[in-house]
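> A single structure is presented below for examination.
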There are 2 protein chains.
Amino acid sequence: MRRVLLVVQYDGTDYHGFQRQPELPTVQQTLERALGELLGEQVSITGAGRTDAGVHAVGQTATFETDRPIPTERIVPALNAILPATVGVVSAEDVPLDFHPRFDAVGKLYGYRILSRVLPSPFIGRYAWHLPTPLDVGAMQEAGGRLIGRHDFVAFSSSGSSVQDTVRTLSRLDVWRDGELIEVRVEADGFLYMMARRIVGTLVEVGRGRRSVEEVGLIVESRDRTRVPAIAPPQGLSLIKVIY
Amino acid sequence: MRRVLLVVQYDGTDYHGFQRQPELPTVQQTLERALGELLGEQVSITGAGRTDAGVHAVGQTATFETDRPIPTERIVPALNAILPATVGVVSAEDVPLDFHPRFDAVGKLYGYRILSRVLPSPFIGRYAWHLPTPLDVGAMQEAGGRLIGRHDFVAFSSSGSSVQDTVRTLSRLDVWRDGELIEVRVEADGFLYMMARRIVGTLVEVGRGRRSVEEVGLIVESRDRTRVPAIAPPQGLSLIKVIY
């Protein structure tokens, strides 16, 4: 038996998230079906984490086990030949049998893209939040700075989650403009359910001038979910990297 | 009565081309429905030309007539608020009542994008032809040069078209590499059905080394459709501009 780690990218638009769900198209089910076809056996994969419906990934990770003698270097081209165009495998490598894609991860990096101009775009809009109102990127960056460090991020989580420990360490939060795009990068040792989108939603309210930079620090301290003013829509979000 | 010229962009992936067809989703029908909702009357639009199923546009044009008193500068934001994310209006302007978007056009510019690398991409692959084999861009450019000028392009048309005059003047054909992308731009006073995709398909055969540069000139001269070796798939093609 061997364990293989895949790095996976996908356009999440037409999927109900990564994690398998009965009767709904998910990335996990799509990958498992392709692996099953490739290996001629039923395969279950374990992902580094779920992504929500409509969220994309360029660096999701997942493992599977097999005793089939397929050479590791054949896995990427063979899977990509089977997979639909919306899901692709970037790399495959053998890992120790006790490697776990979620528990061994020390962090995750998410990217969020905003299309900041009056005109919408059928192309960029698939991968960005279109906001025609001007945004103060400097204020967004400054507000993001209030979230860096070790905090109880319960205010930025969505209710209904079973997670007990809501303390996370946010090591990076950058906001910059690249022409008509505003890019946000946020890295932490872990993310609560909807945390990345709640952070971006809050930063955008600051960028619009509806909330102050100081208020963002107060929202964290409040530990009160109802104080987060907005949740950014899923299509702007992408899981860029799982860090081991 | 007034006539309004729209510049329209769309992600053609999920449409059966621009031109209205019974029972099938098309860009024209989508635009007419949005205009009907905006103006409160049934509206027919006239496009500069059809694009095939799966082909995109950033600069398609179309006209409609109305006697509703909507200010021209309100049309773009109002239509974009109604249209689905896959179709957008870039501009609207009043034109003379005898202006015709097809007959008054003096040329069209198409772009074609190739993703030239081993790994497919769920994101770029929606708007590009993924070709993992290396391509000789210099040879493609040189072969493209054999098509410049006034020629009978019947060899590059698809049968079944009712067009009698197959002579067109191709004024520009550029091929260049931009990182992992190869971009093709082709401008002519008009394009026959499938002409742009047949040209790109032929250039790619040259880039792969399966056909010589000289052969491309001979294919034009032959006026023989069966000599065109390949047709590029629709998702790489985009109508960039209709020239007036």
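The values are calculated or read from the model by the stated rules, or taken from the named source; none is laboratory data. Every value quoted in this text rests on a predicted model; they were computed, and no experiment measured them. Because the Cβ atoms are built from the backbone with ideal geometry, glycine has one as well, and the counts that use them run over all protein chains shown.
> Could you run through the range B:164-213 and say how many residues are outside any loop (DSSP other than H, G, I, E, B) and either under 27 Å from B:PHE103 (Cβ atoms) or in contact (Cβ under 8 Å) with a residue 12 or more places away in the chain (or both)?
Within the range B:164-213, residues that are outside any loop (DSSP other than H, G, I, E, B) and either under 27 Å from B:PHE103 (Cβ atoms) or in contact (Cβ under 8 Å) with a residue 12 or more places away in the chain (or both) number 33.
> How many residues does the range A:160-181 contain that are in contact with a Gly (Cβ under 8 Å, 6 or more places away or on another chain) and either at pLDDT below 95 or surrounded by 15 or more Cβ atoms within 10 Å (Cβ to Cβ) (or both)?
5
> Here's another thing I want to ask about it. Take the range B:75-118 and flag every residue that is within 11 Å of chain A (Cβ to nearest Cβ) and polar (S, T, N, Q).
Those that are within 11 Å of chain A (Cβ to nearest Cβ) and polar (S, T, N, Q): B:ASN80, B:THR86, B:SER91.
> Hey, another quick one. Looking only at the range A:14-33, which residues are more than 12 Å from A:ALA57 (Cβ to Cβ) and within 13 Å of another protein chain (Cβ to nearest Cβ)?
A:ASP14, A:THR30
> Among residues belonging to the range A:144-163 that are touching a residue at least 40 places away in the same chain (Cβ under 8 Å) and of a type in the set (S, T, N, Q), point out the one that is farthest from A:VAL220 (Cα to Cα).
Among them, the one singled out is A:SER159.
> What about A:ARG150, is it within 12 Å of chain B (Cβ to nearest Cβ) and charged (D, E, K, R)?
In short, no.
> How about the range B:57-159: which strands (runs of 3 or more DSSP E) wholly inside it have at least 1 residues that are basic (Lys, Arg) and either buried (at least 20 other Cβ atoms within 10 Å of the Cβ) or outside the structural domain of B:LEU237 (by TED's automatic domain parsing) (or both)?
Hits in the range B:57-159: B:107-115.
> Under the condition of being touching a strand residue (DSSP E or B) at 6+ places or on another chain (Cβ under 8 Å) and of a type in the set (S, T, N, Q), which residue from the range A:34-74 is nearest to the other protein chains (Cβ to nearest Cβ)?
Top of the filtered list is A:GLN60.
> Then there is this: Just name the residue that is nearest to A:GLN9 (Cα to Cα) out of those in the range A:119-131 that are facing chain B (nearest Cβ under 8 Å) and more than 18 Å from the chain's Cα centre (by Cα).
Looking at residues that are facing chain B (nearest Cβ under 8 Å) and more than 18 Å from the chain's Cα centre (by Cα), I get A:PHE123.
> Could you list, in sequence order, the residues of the range B:1-53 that are in a loop (DSSP other than H, G, I, E, B), hydrophobic (A, V, I, L, M, F, W, C) and under 19 Å from B:PRO233 (Cβ atoms)?
Taking the range B:1-53 first, the residues in a loop (DSSP other than H, G, I, E, B) are B:1, B:11, B:15-20, B:22-23, B:25-26, B:40-45, B:48-53.
Restricting the remaining residues to those that are hydrophobic (A, V, I, L, M, F, W, C) gives B:1, B:18, B:43, B:45, B:48, B:53.
Of everything in the range B:1-53, those that are in a loop (DSSP other than H, G, I, E, B), hydrophobic (A, V, I, L, M, F, W, C) and under 19 Å from B:PRO233 (Cβ atoms) turn out to be B:PHE18, B:ALA53.
> Still on this structure, I have one more. Answer with yes or no whether A:HIS130 is touching a Leu at 6+ places or on another chain (Cβ under 8 Å), closer than 30 Å to A:LEU192 by Cβ and of a type outside the set (Gly, Ala, Ser).
yes
> Just need a number here: residues in the range B:132-142 that are within 14 Å of B:LEU115 (Cβ to Cβ) and more than 14 Å from chain A (Cβ to nearest Cβ).
3
> Now for a different question. Scan the range A:214-244 for residues that are more than 21 Å from the chain's Cα centre (by Cα) and outside any helix (DSSP H, G or I) and report the count.
Here the count works out to 2.
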